[in-house]
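Only one structure is covered here, and it is reproduced in the block below.
The values are calculated or read from the model by the stated rules, or taken from the named source; none is laboratory data. Not measured: the values here are computed from a predicted model. Note that each Cβ is placed from the backbone with ideal geometry, even for glycine, and that neighbours are counted across all protein chains shown. We work out accessible area using only protein heavy atoms, side chains counted, and drop any ligands, DNA or RNA first. Shrake-Rupley method; radii C 1.70, N 1.55, O 1.52, S 1.80 Å.
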Amino acid sequence: MKLVPFGALHQDYQASLAGLFTPMKRWPSGEQAYRTFLQTWLDDVASNIWPTWQGRQWGGAAAAKMEAATKAELDLAVELYHGGGNELGALEEVPKTPVPADGKPRTHEWHYKIEDALVLDAKFLFIPPSGEQTPTFDFEASKNIGSNYLAYDPRYDITRFETLFWDGVQTRQPSIWDIKQHFQRPRPWMTATGLGVDGFRWIVAGGPFVTHTGIHPSLLSGHCIQGILGGCSFYQALLDEGIAIDDERLRVIRQYMVDWGDRRVFAGVHYMTDNIASWTLARRLIPHLFQNSQQVEEFAVQAITGHSRVFADIVKHFDAGSAARRMLLDDFPEADATT
């Protein structure tokens, strides 16, 4: 089987194209410096993770082993996350969060749906709550991007978190749609059948509203890099307050920011190596985008290496000679490669 590119970006997403080398708002050093910076990362990805589509053929050293590496990666994802094909597997598990006031623990699947821009309790969008109509936890935790942080840290003002998290993402994220179009990586379900991956399954974040789960190229994982940059932006805002941050809140933020990307792998809509691409780009960007760059970078590294299940599984289960694993550990030498 020859792996084919994803194809044309749907017209609804064409307006999101900003230009591959267009810097984000927070980039401090000019367009040429950003072009050099991003091109280095693009070349690293094409050499170690996934080649670029050059109109008629794949280009980059990763092309030589793309089918074998993709097959091995998807087989591993089935084993680790997919529950035998007909079950939710890892999505059925509950992240390390407090039990909400209604006494119902929320699973990774519940969070995954929210993070795909889905409002879980639609009726309160149209019926203003009265004294007898208290919005449900599902509504409060899903009405905006970042609202599900309420399930992780119910003590914090969720409206403020939403603002800090998403504003930080919007001013710090790279041109995600252009990167996706550049690499043209087909989604996992597009390759699993042709490569003979038994037991593969993927979950649509469906519900009362139409969602956009995976109807564009796979690399990089937008949710993964947005989770990291959003979490770092929130952490930077807390540092700016000059108030001591307790250890439990630090743990919660770290867990939340990596769960965004991990859940996309659990759901079968992203490859584990899509997360490698997102983590490495995020780490390389952070020193340029944050005022307290050293503190923020250390915070992000602790989150990714210490709290991401997918990161730990890549280090543990990928072949030691894997170019993708080697790229990850080159960018994250803090990780314990012996585990």
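The test for being farther than 18 Å from residue 111 by Cβ and without any contact (Cβ under 8 Å) to a residue 60 or more places away in the chain does not hold for residue 276.
Scanning region 229-249 for residues that are touching a Leu at 6+ places or on another chain (Cβ under 9 Å) and either in a helix (DSSP H, G or I) or in contact (Cβ under 8 Å) with a residue 60 or more places away in the chain (or both) returns 229, 230, 232, 233, 234, 235, 236, 237, 238, 249. None of 266, 200 is closer than 30 Å to residue 3 by Cα, of a type in the set (Phe, Trp, Tyr) and surrounded by fewer than 20 Cβ atoms within 10 Å (Cβ to Cβ) except 200. Taking the criterion of being outside any helix (DSSP H, G or I) and open to solvent by 10 Å² or more (accessible area, probe 1.4 Å), the residues of region 137-150 that qualify are 143, 144, 145. Of the residues 235, 256, the single one that is closer than 21 Å to residue 142 by Cβ and buried (at least 24 other Cβ atoms within 10 Å of the Cβ) is 256. Residue-level check: of (1) open to solvent by 50 Å² or more (accessible area, probe 1.4 Å); (2) touching a Ser or Thr at 6+ places or on another chain (Cβ under 9 Å); (3) modelled with pLDDT of 95 or more, residue 32 misses just (2).
Residues considered: 76, 91. Of these, the only one that is crowded, with 20+ Cβ neighbours inside 10 Å and in contact (Cβ under 8 Å) with a residue 40 or more places away in the chain is 91.
Which ones in region 176-197 are open to solvent by less than 10 Å² (accessible area, probe 1.4 Å) and either of a type in the set (S, T, N, Q) or under 16 Å from residue 4 (Cβ atoms) (or both)? 180, 183, 185, 186, 187, 188, 191, 192, listed by residue number.
For region 35-84, which positions are assigned to a loop (DSSP other than H, G, I, E, B), at pLDDT 95 or above and among the small types (Gly, Ala, Ser)? Within region 35-84, 60 is the sole residue that qualifies.
Given the conditions (1) part of a helix (DSSP H, G or I); (2) under 30 Å from residue 291 (Cα atoms); (3) hydrophobic (A, V, I, L, M, F, W, C); (4) open to solvent by less than 30 Å² (accessible area, probe 1.4 Å), which single one is not true for residue 27? Here residue 27 meets the rest and fails (1). Of the residues making up region 105-125, those that are assigned to a loop (DSSP other than H, G, I, E, B), open to solvent by 30 Å² or more (accessible area, probe 1.4 Å) and in contact (Cβ under 8 Å) with a residue 24 or more places away in the chain are 117, 120.
For region 288-319, the tally of residues that are part of a loop (DSSP other than H, G, I, E, B), open to solvent by less than 40 Å² (accessible area, probe 1.4 Å) and among the polar types (S, T, N, Q) stands at 1. Farther than 30 Å from residue 28 by Cβ and not β-branched (Val, Ile, Thr): does that describe residue 172? Against the criterion (farther than 30 Å from residue 28 by Cβ and not β-branched (Val, Ile, Thr)), residue 172 does not qualify. Only residues that are surrounded by 18 or more Cβ atoms within 10 Å (Cβ to Cβ) and free of Cβ contacts under 8 Å to residues at least 24 places away in the same chain: list them for region 1-24, please. Answer for region 1-24, where residues must be surrounded by 18 or more Cβ atoms within 10 Å (Cβ to Cβ) and free of Cβ contacts under 8 Å to residues at least 24 places away in the same chain: just 23. I'd like to check something: does region 151-173 contain any residue that is surrounded by fewer than 22 Cβ atoms within 10 Å (Cβ to Cβ), hydroxyl-bearing (Ser, Thr, Tyr) and farther than 23 Å from residue 234 by Cα? Checking region 151-173: not a single residue is surrounded by fewer than 22 Cβ atoms within 10 Å (Cβ to Cβ), hydroxyl-bearing (Ser, Thr, Tyr) and farther than 23 Å from residue 234 by Cα.
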